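Comments concern the structure below.
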């Protein structure tokens with residue numbers, strides 16, 4: 001095993017131990033074949049033959065032949081050295097109490113990110129150590145044999161690292177085996193170790209060509225002669241160039257074509273943390289009245305989101321948080337766009353289509369929380385980028401048209417109006433929304449229905465006007481303030497404007 005070499009000096013004198021390293025480098029491998037370890041290749045997380053001196057510059061070329069042309073294929077092998085960033089471990093733990101960590105590649109500065117769900121490969125995103133993002137946090141399970149452990153999502157311990165088809169029945173691990181997430185099947189390709197590299201991994205790396213690196217350049221100035229290292233735990237200075245972004249990350253240059261282009265920074269103090277909708281929005285964003293909503297969503301109808309425990313309260317944004325507030329059609333913070341653009345190809349494990357909920361005013365999407373009991377969060381939304389951490393699905397009908405709203409990659413964690421059940425006093429103005437396992441409470445049953453109201457308010461002697469929408473939508477009485485109408489009709493889904 002690497003890291004256990006013995007050094008013998010001449011004349012019976014042993015060489016002094018090497019100086020301590022500023023940041024520990026780790027290798028990650030599975031029990032199915034310990035001769036392969038985790039690395040980055042062509043922007044994907046794969047397994048490759050173990051090499052402690054892999055300098056991120058190995059380039060493999062081969063010819064691809066067809067009947068009409070000959071192609072030179074270049075495969076860039078990246079650095080198999082990882083940092084295990086534990087800075088959030090004392091306050092972020094999984095459902096079993098295991099501490100959270102991020103796995104950050106030394107050469108690229110990319111962290112391993114949750115996948116869309118079972119069978120989907122894990123992803124890579126730029127890592128910002130100052131931002132607490134659950135979608136790049138992982139935990140290790142208890143020992144599952146000979147010191148190996150499962151590596152699983154911090155907010156879904158049922159989905160584990162899996163060397164895809166790395167078990168014996170499928171041929172075992174090979175060079176380029178991808179890493180996906182999968183439920184625990186007791187396979188050696190799901191049992192992992194995260195161990196420190198030996199001293200040979202810290203040797204200075206020779207200079208190499210700047211282009212390449214899978215499209216990334218190693219950040220300068222870090223330990224190990226130019227490698228990436230997250231800053232040590234402790235009081236953190238602000239990043240040199242802080243920039244709000246999708247999940248708090250700085251995107252690569254090049255816009256959506258680069259795979260990562262969040263909306264421009266617009267957050268200001270006051271007015272729920274955001275300025276009122278501008279009269280002349282920036283290019284690419286919605287028309288007046290649509291605030292920071294991406295232009296691609298500006299023509300979409302808006303919806304209201306409410307739970308059975310308090311159907312007179314809607315989901316809203318207040319001071320940068322998601323909470324419930326008394327229904328007010330004229331409060332645009334209560335208007336959401338249900339973006340279904342990824343629904344045809346992204347579904348949860350029960351086959352329900354994925355969607356994002358994007359606030360009309362802020363342009364932010366509701367993001368997964370750190371786990372059970374933790375509040376959902378908000379991040380700027382980029383409709384061109386597929387990010388599982390802002391995707392949700394609705395369950396089957398759980399009574400009277402209400403459904404659970406749950407994470408696309410963990411259907412066991414649902415929207416929950418915190419303490420909104422009768423035993424805790426019910427829903428009130430400001431009730432926060434957390435994630436919780438299904439407990440059959442009315443505060444976990446939700447509807448997402450289209451808004452429909454008239455902005456021009458008729459005079460008091462104007463006749464009552466009715467609007468009927470889809471079969472799922474409420475009936476609205478416009479220009480009527482008589483609660484008798486509700487009583488006579490006996491319709492809880494009737495809204496008096």
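Every number in this text was worked out from the coordinates using simple rules, so none of it is lab data. Predicted, not measured: the structure shown is a model, and the values here were computed from it. FYI the Cβ positions are ideal-geometry reconstructions off the backbone, even for glycines, and counts take in every protein chain you see.
Couple of notes before you dig in:
- Isotropically averaged projected area of the range 295-450, using the convex hull of Cα atoms (one quarter of hull area), nm²: 8.4
- Applying 1/(1 + (r/R0)^6) with R0 = 35 Å to the Cβ-Cβ distance of residue 397 and residue 91 gives a FRET efficiency near 0.40.
- Net lengthening on full extension, residue 170/residue 183 (0.36 nm per residue, minus Cα-Cα): 3.0 nm
- Whole-angstrom gap from the range 136-192 to the range 363-435, using each part's C-alpha centre: 28
- Here the spin labels are modelled as points 7 Å beyond Cα on the Cα-Cβ line, and at residue 432 and residue 318 they lie 1.3 nm apart.
- Normalised by the number of residues in the range 135-201, the average gap of Cα pairs under 8 Å and 6 or more apart makes the relative contact order 28 percent.
- Ranking of 153, 340 by neighbouring Cβ atoms within 10 Å, starting from the fewest: 340, 153.
- The mean sequence distance of close C-alpha pairs (under 8 Å, at least 6 residues apart), as a share of the length of the range 295-450, puts its relative contact order at 27 percent.
- Ordering of 38-46, 356-364, 420-428 by packing is 356-364, 38-46, 420-428, highest average first (other Cβ atoms within 10 Å, averaged per residue).
- Using the average count of surrounding beta-carbon atoms within 10 Å as a protection proxy, the listed peptides 368-375, 105-112 rank, highest first, as 105-112, 368-375.
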